[in-house]
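Structure first, commentary second.
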């Protein structure tokens, strides 16, 4: 397994991406094509910037990418890629959401590679992961276009099934994905929701 980790780490360096996580998104993209030229993309938990950089390349100069993270992120988009707007802040901060909306009032694709600081306790890590996933889904209710797409990381556990059931109520297609570049022993999963069915978020009523 060390060889697998080293392979993706070295590949990221060779391809000039900040982190190996790029290949998880790339794998999903190749299979499901959630990103298309001209799309607007919001990347939650964007640091160190690999997902935003990759999204910029896929959506191209007619698209736009916004990335937000608690850690400062500032990577220039590559030639031919969409402009990337970086924000340093908390996704739970309404002021940050207002700033994002000045770029685009809504987005075609919402990405989240957010993960909690792990404790080593599987139950605790799962619970914290699910709270973050719920937060990103709440933001989808505010910021995702109808028929837009949503990709979110979570740690597998007892609440995974109910979260997926909630997604199935809101998206036409839902897939659970374990990318090849994820460690086999990792409890990390990605859930993909495609073609969002826009409804009023209960918390906004």
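The values are calculated or read from the model by the stated rules, or taken from the named source; none is laboratory data. Since the model is a prediction, treat every value here as computed from it, not as a measurement. Quick reminder, even Gly has a Cβ in these numbers, built from the backbone with ideal geometry, and neighbours come from all protein chains shown.
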Query raised in the report: Can you name the condition, by its number, that residue 138 falls short on among (1) in a loop (DSSP other than H, G, I, E, B); (2) within 16 Å of the chain's Cα centre (by Cα); (3) within 29 Å of residue 186 (Cα to Cα)?
Result: (1)
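Here's the yes/no breakdown for (1) surrounded by fewer than 21 Cβ atoms within 10 Å (Cβ to Cβ); (2) touching a residue at least 24 places away in the same chain (Cβ under 8 Å):
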| position | (1), (2) |
| --- | --- |
| 14 | yes, no |
| 25 | no, yes |
| 32 | yes, yes |
| 66 | no, yes |
Query raised in the report: Which one is modelled with the highest pLDDT, of the residues in region 96-129 that are exposed (fewer than 14 other Cβ atoms within 10 Å of the Cβ) and part of a loop (DSSP other than H, G, I, E, B)?
Result: 105
Requested in this report: Could you figure out which of (1) closer than 22 Å to residue 19 by Cα; (2) buried (at least 18 other Cβ atoms within 10 Å of the Cβ) isn't true of residue 90?
Outcome: (2)
